[in-house]
Amino acid sequence: MKKKLSALAISVFVLAVSWSANAQTNQLSKFNLQFSYGNGSSVINNGGFNTRLNTTSTEILGIYQINENLGFGSGIAVMGLNGNGFNDKGNFNQTRGIVRVPFLLNSNKYLFDKTALIASGGVFVNHIIEDTYRYIGSTEEFQFDNWSMGAQARLGISYDIYSNTAIGIAHNIQYNFLELSQSQSTIDTEMSSNTFDLFVKLKF
């Protein structure tokens with residue numbers, strides 16, 4: 001996952017620089033509002049065992065356009081993880097909820113009149129708001145006070161259905177790698193996520 005994220009992040013950066021330097025003459029919207037829904041999977045570490053969980057995400061992102069092909073975006077995302085795994089206590093069903101705040105560099109390049117290649121990359125901070133393990137006959141719930149940090153990259157296609165509205169699909173990979181404060185829990189918060197996102201973008 002680290003290699004995939006690094007490769008995609010480098011590609012996003014190269015595309016951002018080249019597209020910014022070669023901006024086209026399409027009508028510029030200084031501010032965009034993007035709503036995304038993603039579905040995929042995440043891998044987390046449970047006591048030395050990797051657990052793959054089904055993952056859904058909902059994100060609202062505001063994007064300020066620096067020029068036609070380059071913008072800066074931030075917003076909020078809520079992720080829900082659920083799946084089965086095992087550790088030294090036995091088999092369990094796990095549910096994890098996460099709030100995530102991204103800070104992204106966004107690029108787009110029109111391939112045709114209404115179709116654009118989009119890319120974004122940057123960092124995020126996130127907080128685990130729920131982490132529940134349901135074993136046969138018992139349930140464990142963990143609380144987290146700390147925040148952590150990670151990197152993400154996204155690559156996809158958008159299509160302008162109207163002059164001020166676009167829809168699209170993108171592949172989004174994220175890797176959580178740094179604790180911003182000491183966790184009081186023994187649970188490892190490091191995780192990687194891989195989702196395909198459907199989105200609607202409103203241009204103002």
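Observations on the model:
- Which numbered condition His171 misses (of (1) crowded, with 19+ Cβ neighbours inside 10 Å; (2) of a type outside the set (Phe, Trp, Tyr); (3) modelled with pLDDT of 90 or more): (1)
- Residue in the stretch 131-147 that is of a type in the set (Val, Ile, Thr), part of a strand (DSSP E or B) and under 19 Å from the mean Cα position of the chain (by Cα) present: no
Yes/no per residue for (1) in contact with a His (Cβ under 6 Å, 6 or more places away or on another chain); (2) over 27 Å from Ser158 (Cα atoms); (3) surrounded by 14 or more Cβ atoms within 10 Å (Cβ to Cβ):
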position: Gly75; (1), (2), (3): no, no, yes
position: Asp88; (1), (2), (3): no, yes, no
position: Asn93; (1), (2), (3): no, yes, yes
position: Leu104; (1), (2), (3): no, no, yes
position: Lys109; (1), (2), (3): no, no, yes
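- None of Ile128, Ile118, Ile63 is under 26 Å from Asn146 (Cβ atoms), assigned to a strand (DSSP E or B) and either of a type in the set (Val, Ile, Thr) or touching an Asp or Glu at 6+ places or on another chain (Cβ under 8 Å) (or both) except Ile128.
- The residue list Val123, Val99 contains one member that is among the aliphatic types (A, V, I, L, M), touching a Pro at 6+ places or on another chain (Cβ under 9 Å) and part of a strand (DSSP E or B), which is Val123.
- Residues (over 15 Å from the mean Cα position of the chain (by Cα) and hydroxyl-bearing (Ser, Thr, Tyr)) located in the stretch 109-130: Tyr110, Thr115
- Of all residues in the stretch 188-202, none that is within 14 Å of Asn46 (Cβ to Cβ) and without any contact (Cβ under 8 Å) to a residue 60 or more places away in the chain has its Cβ atom under 8 Å from the Cβ atom of a residue that is of a type in the set (A, V, I, L, M) and buried (at least 21 other Cβ atoms within 10 Å of the Cβ), 6 or more apart or on another chain.
The values are calculated or read from the model by the stated rules, or taken from the named source; none is laboratory data. Predicted model, so just to flag it, every value in this text is computed and none were measured. Virtual Cβ from ideal backbone geometry, glycine too; neighbours counted across all protein chains shown.
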